[in-house]
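Notes to accompany the following structure.
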Amino acid sequence: MAIYLIRHAESVGNVNGRTSSHSSIELTEAGREQAKKLATQLPFADHVYISSFLRTKQTAQPILERDQLDPEIFAIEEFSYLSDLRCQNTTLEERKPWVDAYWKDLDIDYMDGNDAESFRGFYQRVQSFRQHLLEIQSKFIEKNLMVFSHGQFLKLFKMLNEQDRVLSASLMSDFRYEMIHHPIQNTEFFILDRRS
């Protein structure tokens with residue numbers, strides 16, 4: 001029995017679709033099929049965490065129905081470093097110049113707007129969730145916890161779990177490199193290492 005950390009299935013945003021907000025992006029038809037397949041690959045769940053973003057609930061839905069569970073919402077949503085208002089009704093391709101400019105500066109405290117998150121805030125959110133999982137890990141020796149989250153959140157979680165690192169521009173740069181060259185794929189999952 002274990003804690004599974006799972007990236008959501010393919011969403012409209014992943015395929016350069018036009019989206020209205022970070023939180024309301026839906027799964028594609030292919031993503032819905034991926035979510036159904038995931039329910040055949042993962043074991044029975046005793047508890048399920050999702051983010052407040054729709055695509056994690058949609059990905060978890062086949063497992064929630066299979067195991068007759070209601071999900072618990074945690075602050076494990078995607079790193080939204082660009083203003084939601086600014087990104088309304090845009091595609092991935094249209095946002096690319098803003099994305100490139102953000103990562104070029106490597107400013108851990110920069111916020112693109114009141115509705116955006118700094119890298120510092122993101123780091124603290126990931127660390128807080130890591131601490132939460134470590135505190136409850138002993139409860140899931142005989143049970144399964146499924147955590148449905150997002151690519152960037154899970155990548156930083158995994159990096160920090162493998163090697164504790166302080167917040168810095170260097171970490172931000174390494175994180176971006178990992179996101180480009182070793183991203184976590186849709187419905188990819190890993191099991192949280194047991195800690196004594």
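The values are calculated or read from the model by the stated rules, or taken from the named source; none is laboratory data. Computed from a prediction, not measured in an experiment: that's the story for all the values here. Here the Cβ positions follow ideal geometry from the backbone for every residue, glycine too, while neighbour counts run over all protein chains shown. Side chains included, ligands, DNA and RNA excluded: accessible areas come from the protein's heavy atoms. Shrake-Rupley method; radii C 1.70, N 1.55, O 1.52, S 1.80 Å.
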Work out, step by step, the length gained on full extension between D70 and E93: first 0.36 nm times the residue separation, then minus their alpha carbon distance; give nm to one decimal. 4.7 nm
Once normalised by the length of region 110-189, the mean sequence separation of its alpha carbon contacts under 8 Å that are 6 or more apart gives a contact order in percent of 33 percent
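Can you give the longest run of the chain that contains no trypsin sites (Lys or Arg not before Pro) sitting in a DSSP loop with at most 12 other Cβ atoms inside 10 Å?
19-193
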For the chain, with a Gaussian network of springs between Cα atoms less than 10 Å apart, report the residue from G13, G113, G31 with the top mean-square fluctuation. G113
Per DSSP, the loop-located chymotrypsin sites (Phe, Trp or Tyr not before Pro) within region 105-154 having at most 16 other beta carbons within 10 Å are Y110
Given the chain, longest segment not containing exposed loop GluC sites (Glu not before Pro) (DSSP; at most 13 other Cβ within 10 Å): 1-141
Once amide H atoms are built 1.01 Å from N in the peptide plane, which residues 5 or more positions from T90, or in another chain, come under 5 Å H to H? T19
Taking θ = phi - 60°, what integer Hz values does the Karplus form 6.51 cos²θ - 1.76 cosθ + 1.60 yield along region 149-161, in sequence order, with x for Gly and Pro? 9, 10, x, 6, 4, 5, 5, 5, 4, 5, 4, 6, 6
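Using alpha-carbon pairs under 8 Å, 6+ residues apart, how would you state the relative contact order of region 5-160 in percent?
Working: 247 pairs, mean separation 51.9, N = 156.
So the answer I get is 33 percent.
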Please report the carbon-and-sulfur percent of the accessible area for the chain; probe 1.4 Å, protein heavy atoms only, DNA, RNA and ligands left out. 49 percent
Take the alpha-carbon centre of region 44-60, take the same for region 92-122, and report the distance between them in whole Å. 26 Å
Can you flag which of K37/K158; K104/K155; K57/K155 are past 21 Å Cα-Cα? K37/K158
Rolling a 1.4 angstrom probe over the protein heavy atoms, how many square angstrom per residue are accessible across the chain? 50 Å²
